[in-house]
Amino acid sequence: MPSPSLLETKWQIARRWAAEARQQQASHTRQARLALGFAVAAAVSGAFAAVINMEGTEGSPFSLSGLFALIAGAAAAMSTFFGRHILSERSQAKWIVARATAENLQSECYKFAAKIGTYADSKIEAAKSFDTRTNELVAAAREKGIEPPAKAVSSSSRLAPTEGMSAEWYAENRLAQQKDWYVSRSEEHRNKARLAQRLGLVFGILAALLGFLGSVTQGWLSITPFVGATTTIATAVALFASVDRHVFLASSYGGYAEAIGSLLARFGEGLVREEELVVEGETLLTSEYAAWAARMTMAPNQPE
């Protein structure tokens, strides 16, 4: 069986880093959901403990109110433990680095296949530059303590580039597919932002309603602890949802989809030379990776 070419080898390395990014993202999402679940459990259990105490039940550790208080304390501790994955953007560092590494490796593969920039030299010099550049990207990621899986099953239908690829192939298999991905992701983030905003409104109305009923309705004073619980849940949902981030990504991805569409239209009309298509396309996509990484590493209290 013949050995894979240098381009094929580097493409497989890029896919391994993409698999690592997916794994790191899934791990972060699980941790964040656990934090949210424990925060909700703590708020509800604390409210029940307060209600039972208000009704005159002894609050010893062996009473029902004591049990709810114990559950609330344990859940709050677990929420704090897992909550670092929501409150600290550094917890996402591995996912961000892995994704950026995968995308930049793929970009170098397309540039090498098209023989543009430093890869326009002789075959030997181009291969040497390609090998050096990709090794630098991988080494920088490994310095962050990240190691991709030895083998990766690709979740993408994207075809690997080959040396001497045509501009038409690149337009169809790189740019058009990337445009469709941006459109899909933009809509996904837009829907997530809308859902989070609606949940926040629902919890806000519920908290106001409970507070009103508890203050003006005789016999309903015991529900007032749930006002605080509802407010706590609303805050936890807002932190988990990261509405501002979803809004930013929806807008950003939508903008890049439009930019790629314009580039493809100019190419289709013969307004972009074939040798310039890959240069413009990879410059555009590389700028997206950089903007995405910068936004994802922005702490919640930093300005937009």
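The values are calculated or read from the model by the stated rules, or taken from the named source; none is laboratory data. Values in this document were obtained by computation on a predicted structure and should not be read as measured data. No Cβ is skipped: glycine too gets one built from the backbone with ideal geometry, and neighbour counts run over all protein chains shown. Ligands, DNA and RNA are excluded from the accessible area calculation, which covers all protein heavy atoms including side chains. Shrake-Rupley method; radii C 1.70, N 1.55, O 1.52, S 1.80 Å.
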Could you go through the range 64-71 in sequence order and give the Karplus-derived ³J(HN,Hα) for each residue, using 6.51 cos²θ - 1.76 cosθ + 1.60 with θ = phi - 60°, rounded to whole Hz, and x for Gly and Pro? 5, 5, x, 5, 5, 5, 5, 4
For the range 126-194, which chymotrypsin sites (Phe, Trp or Tyr not before Pro) are in a loop by DSSP, counting at most 14 other Cβ atoms within 10 Å? none
For the range 232-237, what does the Karplus curve 6.51 cos²θ - 1.76 cosθ + 1.60, with θ = phi - 60°, yield as ³J(HN,Hα) per residue in whole Hz, taken in order and with x for Gly and Pro? 4, 5, 4, 5, 5, 5
How large is the charge dipole for the range 230-297, taken about the Cα centre, if only the Cβ atoms of Lys, Arg (+1) and Asp, Glu (-1) carry charge, to the nearest 20 debye? 440 debye
Once label points are set 7 Å from the Cα along Cα→Cβ at both ILE124 and SER166, what is their separation, rounded to one decimal in nm? 3.2 nm
For the range 119-131, Karplus couplings with θ = phi - 60° (6.51, -1.76, 1.60), whole Hz, Gly/Pro x: 8, 8, 6, 4, 4, 5, 5, 5, 5, 5, 5, 4, 5
Label points 7 Å out from Cα along the Cβ direction at GLU8 and GLU136: separation in nm? 2.8 nm
Roughly to the nearest percent, how much of the accessible area of the range 90-210 is carbon and sulfur, given a 1.4 Å probe? 56 percent
In nanometres, what is the gap between the two model label sites at LEU209 and SER184, each 7 Å from Cα along Cα-to-Cβ? 3.8 nm
Which lysines, on any chain, are close to LYS128 with Cα under 22 Å apart, when same-chain ones fewer than 8 places away are left out? LYS10, LYS111, LYS115
Shape of the range 174-213, Cα gyration tensor, a/c cut at 1.5: prolate
What number comes out for the charge environment of VAL237, summing +1 per Lys or Arg and -1 per Asp or Glu over other residues with Cβ under 13 Å away? +3
Please label the shape of the range 164-287 as rounded, prolate or oblate, based on the square roots a ≥ b ≥ c of the eigenvalues of the alpha-carbon gyration tensor (a/c under 1.5 means rounded; beyond that, a/b larger than b/c means prolate, else oblate). prolate
